[in-house]
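The values are calculated or read from the model by the stated rules, or taken from the named source; none is laboratory data. Predicted, not measured: the structure shown is a model, and the values here were computed from it. Counting neighbours? That spans all protein chains shown, and the Cβs are built from the backbone with ideal geometry, glycine included.
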Amino acid sequence: MNDLLRRLLDLPEQASQHARDVDGLHYFIVLTTLLVGLAIFATTIWFLVRFQRRGEGEATPEVQPTRWHEAVFIGVPLAFFLLWFAIGFPQYVDLTRPPPDAMDVFVQGKQWMWKFAYAGGPSSLDVLRVPAGRPVRLLITSRDVIHSFFVPALRLKQDALPGRYTETWFNADRPGRYQIFCAEYCGLSHSGMLAELVVMPASDFDDWLATQRRGLTRAQDGAPTPGEALLPGTSLVEQGRTVAAEQGCFKCHSVDGSRHIGPTFLGLYRRHERLSTGELVTADEAYITRSMMDPAAQVVADYQNVMPSFQGRMTPPEVAAVVEFVKSLANPAEQPGPSEGPAYEPIPSK
Amino acid sequence: MADHAAAAPGGPHAALAHHFESLEKQGQAQRLGMWLFLATEILLFTALFAAYGVYRYLYTGAFAEASRGLATWMGGVNTFVLVTSSLTVALGLDAARQGRTRRTAGLFFLSIGLGLVFMTLKAVEYRHHFLLGELPGPSYRGHIPGSGGSLFFSLYFLITGLHAFHVLAGMTVLGVIGVKAWRGAYSAEYHVPVELAGLYWHLVDLIWIFVFPLIYLQ
Amino acid sequence: MSPSPASSPPVYAVRNYLNTPATGLRSWLTTRDHKRIGVMFLVAVTVAFAVGGFFAMLIRVEHLTPGPTIMDAMTYNRVFTLHGVVMIFLFMIPAIPSGFGNFLLPIMVGAKDVAFPRLNLLSFYLYLLGAGIALWGMIHGGADTGWTFYTPYSTTTSSKVVPILLGAFVLGFSSILTGLNFIVTTHTLRAPGITWTKLPLFVWSIYATSVIQILATPVLGMTLLLVAIEHAFGWGIFDPARGGDPVLFQHFFWFYSHPAVYIMILPAMAVISEVVCAFSRKNIFGYKAVAYSSLGIAFVGFFTWGHHLFTSGQSPYDAGIFGALSMFVGIFTAIKVFNWVATMYKGSIDFKTPFIYFLGFLFFLFFGGMTGIALATVSLDIHWQDTYFVVAHFHFIMVGSTMMAFLAALHYWWPKMTGRMYSERWALVAAVFIILGFVFTFLPQFLLGNEGMPRRYFSYPERYWALNVASTAGASVLAIGFTIVLGYILVALRYGAVAGPNPWGSRGYEWLTPSPPPLENFDVLPAFERGPHQYHDLPAAPPTPAPGPAGEAAGASHG
Ligand code: HEA
Ligand code: HEA
Ligand code: CUA
Ligand SMILES: [Cu+2]
């Protein structure tokens, strides 16, 4: 029954008990509405046929309601409405009361990506991993404008507000991969602000978290250079890719040659670019750096001047790494990279 | 007053619009219209007062501090000035009721004078804030740390600025009606515009009576 | 087609508001006649509707494929913002009150004009000014914030929000002046004989609308002004970076905009109450219930704005209050729905175009309203907030109900306004297109919302593709329907059969005067002995202008 109605109503899979509860209320309301709608429809059709005008000068009697009519008109809907409210409201209140043993994950929205951070330091971008069957509390905030963290499969949504934390919680009980959307309009790539919820069997999750934490400790031991946020031990190109992902370059630039909001990075290095002024420039290191620091100065022809400046948002080593990364893409054969197309594709687990 | 129409069978009063049956009805309509307009004006300010209330609650300390920095005595004098001007307007209306419209005009000009005093004091206060760098939003250079100070002054300038704008509008209205009264456009029978101008001025006064404790006193 | 009853003498009023005192453009632009102002408003809002509809079609075409179809993301974001702004501020809010309300309300209360004709004309020019400013902003880049202007995005975006905000601010004053005029007119200009309980239901509902317009619009005006100031100077009232509170903006905005949705639906209910009586040839079932429930909606509507903020982190306590109050506001609508249906009982139903739109209205309001109730149950809203479910909810009410009522009004009063009939056959064709097109456009959007597709999405995952195509197909049918309407009413203007004073045999007061009405509405003021919804004494008096001494004491019957 549940499954049939769920499919009829096009609801996504139910990944938590909360989702199933909410859907129950949904079915109740939909079925009642359809029944009452049908009753009203049938009545109108009946009146329409029965009281069709038969002659021009036809007179009609005066009909006035009695007290009973009014009581029914008010009482019946009110009873239903309040009943639904009485079911729905506790479900909502429940969402504001995370169980005390819930695991905390910090969620940060920013144009146009989601960052998830776990206690002890590990963090990830656009992939939220959680253990199945254990409550998880999300502490949500935003770095810039309002976003909204939305997981249809959990029937869960919470706005991410700049300058303050909001919280919600869930207990996903079915391992799997679920879509995360940004549901509050936040500008250009609002519809590209997608992420993925990966619900793992609890033991797998523990292993994963432990590995993450170990990696982090080793990294911290390795090179505590002040001011340098990069993880050493990887090649500069790899670091550049991480930084570019973190800074959100891939929201606008692809690495597979496809045109996005900005030009692709593939084969960019040493390419001859035509600017909006008609001028031709060669994309060398200096040009790439300037493109990041003062994008409005030289705008590529056929593109809009929407790239934000990253001046002050990246440390010099990070800039250098990104430039290295872009240079590494000079040879088209080298880097396939993940597609950033709008269609939803599960992000492969690393 | 009521038998005015009957007393002038030659034709309706010049101020009577074609779609009203009597001057009295028309006056009623105009009064009701004015009251509704005043209600919208109050609600215009209500939005700002609500914002002020919320931030005062969120930044209690900073708002108290900033409010202490205001020259309460000037605000107090201004309150007194405005209340007095309301009184002169009311006296002007009373004079119009008795048909002494020259006197009405005189009292209205006196009220405009008081309005000018109010605006002058306000300008002195504004100048003071400018000198101290107590400006709204990003221009704030005052001594209160955090965002509270700049928020306070954003709201301070918005509220008092909007009020000052209303004072100016009120003075204009009083001026126009005052001149017309001097020229004898109104009489004991017909002086609805005088009444409406008075109502508007009372509103301007009333709003200040809210603004003063809200902003100057804590 | 010979709609005029044989007995009514003046078939086409020779001297009417259209040719008296003059016919030139100048005489229209400087007119103080409420009927002409109403007609000018109707023309203006129809143009606005076509513009908004154009943007809507751009949205739909863009969604034909999951990725980019005909535009880029930036353009899309502007298009839906402009669609919302144009439809709400330029079309829906003024459409029925300023258009039909202006034309009809004074006639229905037996007045010669509204209380302040000059303010009325000013209101029209404010509308043009506001529309002009907004249009200027649209041409010079447009805004990309959504019609809700949520901060801090709206205060930091580089698009042209300031002119759009100022435009909306000015439009607000146009709406305030109209509301003020209507309230004063209803209070002070009712003809002798028209007591409060003999007021047409149209007037009751428009009156309730006006109350909301007067009380809510100033707050919105101030709020929009604050956003504009903040965008221009960065004063930080709503900007968290300067200590401001972005959620406070949402409270301010919805404090107006929730009541504003009733500004959009109450006039529609006003029309429907008239139409259902006229075409069922029956007294309204429960006059008082229908009349007072309008005031109930206007009142309770002020306390439910928080149901737009269920996901913004407000306390569950607040959410509960707002949710529960939303349920109560639904009851007043339910009362009306049931009373309208009951009005048909024992009637003599004439299945003409306005009645078809009445039926459309009834069902779409029912489903639109019930989905509103579902949203107000709080826990379900968490899933649906900012998805296409909400989009479908409000289009069901705004297009499905208000637009249907607008069309019902257009057809019902067309003969009164122009003195000519439209083609019933074409109207039927158009109605079929519009109703089917509507269902196909917005029903799939409920499912999309269930599936979780967020609104304001330029691109979407492929699994939403099929339903989006269905919706676009429906929208095309809808567009064809509207175009047909536009076509035949323009034809009717010139070639339509002469309607006569009362082609429908309606008892509404506006039908007591010739069509089109003369300059000051009534050649001879009727006595208004009968209630405007009273039919049981038919066919004793033929529906002609009843010459009677004005001011005669009226009978006590009503309903
Ligand atoms: C004219 C416009 C209009 C009207 C009349 C309504 C009417 C209602 N609306 Fe709607 N609403 C909008 C326009 C409108 N709305 C818009 C534009 C938005 C989105 C804004 C945005 O974000 O852009 C919105 C969004 C919106 C939300 C927020 C969704 C979200 O973003 O998360 C909610 C939540 O509670 C809601 C609720 C309601 C309710 C309870 C009513 C009630 O008034 C409905 C009452 C009617 C009925 C209930 C039908 C009749 C009932 C019966 C016949 C009873 C019979 C039943 C039984 C016997 C069981 N609306
Ligand atoms: C009154 C209000 C109103 C009306 C009538 C409409 C009408 C339509 N709307 Fe709109 N819509 C809104 C108000 C309205 N909308 C609002 C407020 C939003 C939210 C915006 C935001 O997110 O900020 C929205 C958002 C919105 C979206 C979501 C966009 C998104 O979130 O990404 C979509 C998507 O399909 C849509 C589609 C449509 C369609 C297909 C119509 C069709 O019904 C239109 C059909 C009309 C025509 C094609 C015009 C034809 C006209 C003529 C030929 C003139 C002659 C007419 C007569 C004589 C009557 N609308
Ligand atoms: Cu982030 Cu939308
Ligand atoms: Cu609402």
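What to note about this one:
- Taken over segment C:345-361, the criterion of being touching a Ser or Thr at 6+ places or on another chain (Cβ under 6 Å) and either more than 10 Å from chain A (Cβ to nearest Cβ) or assigned to a helix (DSSP H, G or I) (or both) is satisfied by C:361 alone.
- Here residue C:382 fulfils each of the conditions (1) within 10 Å of chain A (Cβ to nearest Cβ); (2) part of a helix (DSSP H, G or I); (3) over 30 Å from residue A:170 (Cα atoms) apart from (3).
- Between B:113, B:142, B:149, B:106, the distinction of being over 18 Å from the mean Cα position of the chain (by Cα) and modelled with pLDDT of 90 or more belongs to B:106 only.
- All positions within segment A:150-196 that are free of Cβ contacts under 8 Å to residues at least 60 places away in the same chain and more than 9 Å from every other protein chain (Cβ to nearest Cβ): A:160, A:175
- Whichever residue in segment C:414-433 is within 30 Å of residue C:371 (Cβ to Cβ) and surrounded by fewer than 22 Cβ atoms within 10 Å (Cβ to Cβ) and, among such residues, is farthest from ligand 3 (Cβ to nearest atom): C:428
- Residue that is farthest from ligand 4 (Cβ to nearest atom) [pool: residues in segment C:316-342 that are within 8 Å of chain A (Cβ to nearest Cβ) and not hydrophobic (A, V, I, L, M, F, W, C)]: C:339
- Condition check for residue C:119 on (1) more than 15 Å from ligand 2 (Cβ to nearest atom); (2) outside any helix (DSSP H, G or I): one failure, at (2).
- Among (1) farther than 30 Å from residue C:279 by Cα; (2) without any contact (Cβ under 8 Å) to a residue 60 or more places away in the chain; (3) more than 10 Å from ligand 1 (Cβ to nearest atom) - the single one residue C:339 does not satisfy: (1)
- Per-region count, segment C:477-525, residues assigned to a helix (DSSP H, G or I) and charged (D, E, K, R): 2
- Checking every residue in segment B:34-46 against the condition of being assigned to a helix (DSSP H, G or I), free of Cβ contacts under 8 Å to residues at least 24 places away in the same chain and over 17 Å from the mean Cα position of the chain (by Cα) gives zero matches.
- For the residues C:388, C:457, the requirement of being within 13 Å of ligand 2 (Cβ to nearest atom) and free of Cβ contacts under 8 Å to residues at least 12 places away in the same chain singles out C:457.
- Check on residue A:129, more than 10 Å from every other protein chain (Cβ to nearest Cβ), touching a Gly at 6+ places or on another chain (Cβ under 8 Å) and away from ligand 4 (no atom under 16 Å from the Cβ): no
- Residue among A:62, A:70, A:58 that alone is modelled with pLDDT under 90, charged (D, E, K, R) and within 16 Å of ligand 1 (Cβ to nearest atom): A:70
- Of the residues screened, residue B:66 is not one that is within 14 Å of chain C (Cβ to nearest Cβ), within 20 Å of the chain's Cα centre (by Cα), modelled with pLDDT under 90 and part of a helix (DSSP H, G or I).
- Residue C:279 vs. criteria more than 10 Å from ligand 1 (Cβ to nearest atom) and facing another protein chain (nearest Cβ under 10 Å): yes
- Odd one out for residue C:52 among (1) surrounded by fewer than 24 Cβ atoms within 10 Å (Cβ to Cβ); (2) more than 19 Å from residue C:399 (Cα to Cα): (2)
- If you go through segment C:75-96 and keep only what is more than 10 Å from ligand 2 (Cβ to nearest atom) and either more than 25 Å from residue C:154 (Cβ to Cβ) or surrounded by fewer than 19 Cβ atoms within 10 Å (Cβ to Cβ) (or both), you end up with C:75, C:96.
- Residue among C:207, C:256 that alone is assigned to a helix (DSSP H, G or I), within 14 Å of ligand 1 (Cβ to nearest atom) and hydroxyl-bearing (Ser, Thr, Tyr): C:256
- Restricting attention to segment C:439-454, the residues that are part of a loop (DSSP other than H, G, I, E, B) and either within 11 Å of ligand 2 (Cβ to nearest atom) or aromatic (Phe, Trp, Tyr) (or both) add up to 1.
- Test: residue in segment A:220-233 that is surrounded by 14 or more Cβ atoms within 10 Å (Cβ to Cβ) and modelled with pLDDT of 70 or more: no
- The set of residues in segment A:272-286 being modelled with pLDDT of 80 or more and surrounded by 11 or more Cβ atoms within 10 Å (Cβ to Cβ) consists of A:273, A:274, A:275, A:276, A:281, A:283.
- The set of residues from segment C:290-325 being under 19 Å from the mean Cα position of the chain (by Cα) and either hydrophobic (A, V, I, L, M, F, W, C) or more than 8 Å from ligand 1 (Cβ to nearest atom) (or both) comprises C:290, C:291, C:293, C:294, C:295, C:296, C:297, C:298, C:299, C:302.
A quick yes/no check of all residues on (1) within 14 Å of chain B (Cβ to nearest Cβ); (2) within 16 Å of ligand 1 (Cβ to nearest atom):
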site	(1), (2)
C:44	no, no
C:53	no, no
C:57	no, no
C:103	no, no
C:110	yes, no
C:134	no, no
C:146	no, yes
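- Qualifying residue in segment C:288-309 (condition: buried (at least 22 other Cβ atoms within 10 Å of the Cβ) and at the interface with another protein chain (Cβ under 9 Å from one of its Cβ atoms)): no
- Residue within segment C:476-493 that is more than 24 Å from the chain's Cα centre (by Cα) and either acidic (Asp, Glu) or surrounded by 16 or more Cβ atoms within 10 Å (Cβ to Cβ) (or both) present: no
- Here residue C:312 clears all of (1) surrounded by 19 or more Cβ atoms within 10 Å (Cβ to Cβ); (2) part of a helix (DSSP H, G or I); (3) away from ligand 4 (no atom under 13 Å from the Cβ) except the condition numbered (2).
- Taking the criterion of being within 11 Å of ligand 4 (Cβ to nearest atom) and over 13 Å from residue C:369 (Cβ atoms), the residues of segment C:254-263 that qualify are C:254, C:255, C:256, C:257, C:258, C:259, C:260.
- Considering A:150, A:170, the condition of being of a type in the set (Phe, Trp, Tyr), over 25 Å from residue C:81 (Cβ atoms) and buried (at least 24 other Cβ atoms within 10 Å of the Cβ) is satisfied by A:170 alone.
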